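S.K.: Take a look at the following structure, please.
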Amino acid sequence: MVKGGDVMKNFTFLINFVFGLVEVVLGLRFILRLFGASAQAPFVNWVYDTSQPLLAPFRGIFPSPASIQGFVIEFTTLFAMLIYALIGYFLIRLLYFTHESTHHPEIHA
């Protein structure tokens, strides 16, 4: 039998894992773009291709990436990292909130 606490731990782990992977991919993209990594390199190309769908909802919010002597600062990527971190945080908070409200009903006198 699976206990409620175990289910909560598993869902929390899953949410942290998925959003952690998203943050790692976006963080790698930001660093690679910042230092002007060549998109011809297979790993760099993979990071760019993998992160592209994650950035799609945020395209057009900020102007084109700023380039200073080959260094590119992608504010869209930084913003996406912030939003995905907040989504992950609030999903976990929602999970705990719904779990507490269903397992600890209010006592009415």
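S.K.: Are any residues in segment 7-25 closer than 11 Å to Met81 by Cβ and in contact (Cβ under 8 Å) with a residue 24 or more places away in the chain, and if so, which ones?
M.R.: Residues of segment 7-25 that are closer than 11 Å to Met81 by Cβ, as a first pass: 19, 22-25.
If the condition is that a residue be closer than 11 Å to Met81 by Cβ and in contact (Cβ under 8 Å) with a residue 24 or more places away in the chain, then Phe19, Val22, Glu23, Val25 are the ones that fit.
S.K.: Of everything in segment 26-53 that's buried (at least 17 other Cβ atoms within 10 Å of the Cβ) and touching a Leu at 6+ places or on another chain (Cβ under 7 Å), which residue is nearest to Ala80 (Cα to Cα)?
M.R.: The selected residue is Leu26.
S.K.: Additional query: Before we move on, is Phe19 exposed (fewer than 11 other Cβ atoms within 10 Å of the Cβ) and modelled with pLDDT of 95 or more? First the steps, then the outcome.
M.R.: Working: exposed (fewer than 11 other Cβ atoms within 10 Å of the Cβ): no; modelled with pLDDT of 95 or more: yes.
Judged against the criteria, Phe19 is not a match.
S.K.: Continuing with the same structure: Among Val18, Val22, which is touching a Phe, Trp or Tyr at 6+ places or on another chain (Cβ under 9 Å) and under 25 Å from Leu95 (Cα atoms)?
M.R.: Numbers: Val18 fails: touching a Phe, Trp or Tyr at 6+ places or on another chain (Cβ under 9 Å).
Going through Val18, Val22 in turn, just one is touching a Phe, Trp or Tyr at 6+ places or on another chain (Cβ under 9 Å) and under 25 Å from Leu95 (Cα atoms): Val22.
The values are calculated or read from the model by the stated rules, or taken from the named source; none is laboratory data. Just so you know, these numbers come straight off a predicted model, no measurement behind them. All Cβ positions, glycine included, derive from the backbone under ideal geometry; neighbour counts span all protein chains shown.
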